[in-house]
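Reviewing the structure listed below.
What follows is calculated from the coordinates using simple rules that are stated; it is not laboratory data. The structure displayed is predicted, hence computed values, not measured ones. Virtual Cβ from ideal backbone geometry, glycine too; neighbours counted across all protein chains shown.
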Amino acid sequence: MKTIRRLIYREVLTSIALVAMGFLALFFFFDLVDELQYLGKNNGLAGDSTYQIRHALLYVTLLIPNHLYELLPISVLIGSIFVMARLAQSSEYTILRTSGLGPWRALKLLLWLGAIFVALSFVVGDYISPASERAAQLLKARYQSKITVGQTGAWLKEKQASSSFIVNVSELSPDNEMRGVRVYEFDNKGLIVSTTEAPKAAFSSGTAWLLSNAMRTEFAVSSGANAVPEQARVNRTTVASFRWPTEISTEMVSVALLRPDGMATIDLFNYIRHLEANGQTSQRYEIEFWRKVFYPLSCLVMVMLALPFAYLHFRSGGITAYVFAGVMIGISFFLLNNVFGYIGNLRNWQPWLAAATPGLIYMAISMGAFGWLVLRR
């Protein structure tokens, strides 16, 4: 049995590696072509600020882990189908079956192999890809001078003991400095208490922001003896350095400014808790969180889909049609996974259901194919 396991694992791993490298090379080329339009541009600052070919090469290289995370289930499917179909074509799989490799034992072998790619997908998607994605965005921002989203930047909200705050961050600089910061403070009745605007701000030990050259406007109302408002006052002051205590961390600002699918699972979870604690909608981020949880498990579904191809009978020719079928199945899974995310967000579905439905559909298909082609024959 060890010999059979080594044979199948060696063939499948080699095939998956070749497919993954082929896809990554293709995406590397497309990303590099897309970056050529930015060559020679600079951010208007002094120093080495011109975007050159070496910067473009480094940028697209940093995008590889994210592409690997997205393409790994498809690569597992295509590589596994190719090996299973080739073994069936050469009658090697028939010999393995006569040697004691029954359907359930073969499924168990492939599931163990799929578990390896589940672990690999989790490590790449939760540790390597977020770090490389952030480094790529910061590298690009160094020559575009900012990281921003939309026309107004990111909006965040925080509730504290006696006040609530709404914060707007326009941009995030390459050195992790916030620009165009505005802080609006409201009391428990929803009345505005103060506004603070600063051209830039920095994170301070995770529990406060330091706003530089802040323009602070305070609104105060004096009351008479009968608690009737008599006069409203507006006080404006300029502070060289203003410290604002807050629990809004670097990761939360990054999630708001960067793509949520490029963040680690724990960062998304903390950001969702922050949104819920402050009465903000978190549907989009919850769906992305559950996608990050379920997406690595799709590698198990892919190897289950590949096993029935070993029980097909080839009359003549190669296995091109079956490999093409694997490509189409993988692409359809990728598209369905994204479509259900958008539909779940629009229809306000349960986040875990929107994220898990594509995997459940393809698992049902794989189990149906396994039962029809494997167990009934």
Practice item. Give the residue from Ser99, Ile64, Gln137 lying farthest towards the positive end of the charge dipole for the chain; charges sit on Cβ (+1 for Lys and Arg, -1 for Asp and Glu) and the dipole is referred to the Cα centre. Key: Ser99
Review point. Using a ≥ b ≥ c from the Cα gyration tensor of segment 150-205 (square roots of the eigenvalues), is it rounded, prolate or oblate, where a/c under 1.5 gives rounded and otherwise the larger of a/b and b/c decides, a/b for prolate?
Key: prolate
Exercise for review: Step through the residues of segment 299-311 one at a time and calculate ³J(HN,Hα) from phi using the Karplus curve (6.51 cos²θ - 1.76 cosθ + 1.60, θ = phi - 60°), rounding each to whole Hz and writing x for Gly and Pro.
Suggested key: 5, 5, 5, 5, 5, 5, 5, 7, 4, x, 5, 6, 9
Exercise for review: Per residue of segment 17-24, in order, report the coupling 6.51 cos²θ - 1.76 cosθ + 1.60 (Karplus, θ = phi - 60°) as ³J(HN,Hα) in whole Hz, putting x for Gly and Pro.
Suggested key: 4, 5, 5, 4, 5, x, 5, 5
Review point. Rounded to the nearest 0.05, what FRET efficiency do Phe29 and Ser212 have when you use their Cβ-Cβ distance and R0 = 56 Å?
Key: 0.85
Check your understanding: Which pairs, out of Lys159/Lys189; Lys41/Lys200; Lys41/Lys140; Lys108/Lys292; Lys200/Lys292, put more than 21 Å between their alpha-carbon atoms?
Key -> Lys41/Lys200; Lys108/Lys292; Lys200/Lys292
Practice item. For segment 1-98, count all C-alpha to C-alpha pairs, find those more than 19 Å apart, and express that count as a whole percent of the total. Key: 58 percent
Practice item. Only one of the values (1) 18.0; (2) 23.0; (3) 25.1 was calculated from this structure for mean projected area of the Cα convex hull in nm²; name its label. Key: (3)
Check your understanding: With a 10 Å Cβ neighbour count serving as the proxy for reagent exposure, in which order, fewest first, do Met363, Met304, Met21 appear?
Key -> Met21, Met363, Met304
Review point. Given R₀ = 51 Å, FRET efficiency for Met328-Ser173 by Cβ-Cβ distance, to 0.05?
Key: 0.70
Check your understanding: So, in nm, how far is label Phe269 from label Arg105 when the simple model puts each one 7 Å beyond its Cα toward the Cβ?
Key -> 4.0 nm
Exercise for review: State to the nearest 20 debye the size of the charge dipole of the chain about its Cα centre, where the only charges are +1 on K and R beta carbons and -1 on D and E beta carbons.
Suggested key: 1220 debye
Review point. Highest mean first, what order results for 55-67, 178-190 on Cβ atoms within 10 Å?
Key: 55-67, 178-190
**Study point:** ³J(HN,Hα) computed for each position of segment 352-368 - Karplus, 6.51 cos²θ - 1.76 cosθ + 1.60, integer Hz, glycine/proline x
**Key:** 5, 6, 4, 7, 8, 4, x, x, 5, 4, 6, 5, 4, 5, 5, 5, x
Practice item. Compute the Kirkwood hydrodynamic radius of segment 262-349, taking the inverse of the mean of 1/r over all pairs of distinct Cα atoms, and give it in Å to one decimal. Key: 15.8 Å
Review point. Can you sort Tyr322, Tyr271 so the residue with the fewest Cβ neighbours within 10 Å comes first?
Key: Tyr322, Tyr271
Practice item. Among Met367, Met84, Met263, Met328, rank each residue by its count of other Cβ atoms within 10 Å, from fewest to most, as a rough exposure measure. Key: Met328, Met367, Met263, Met84
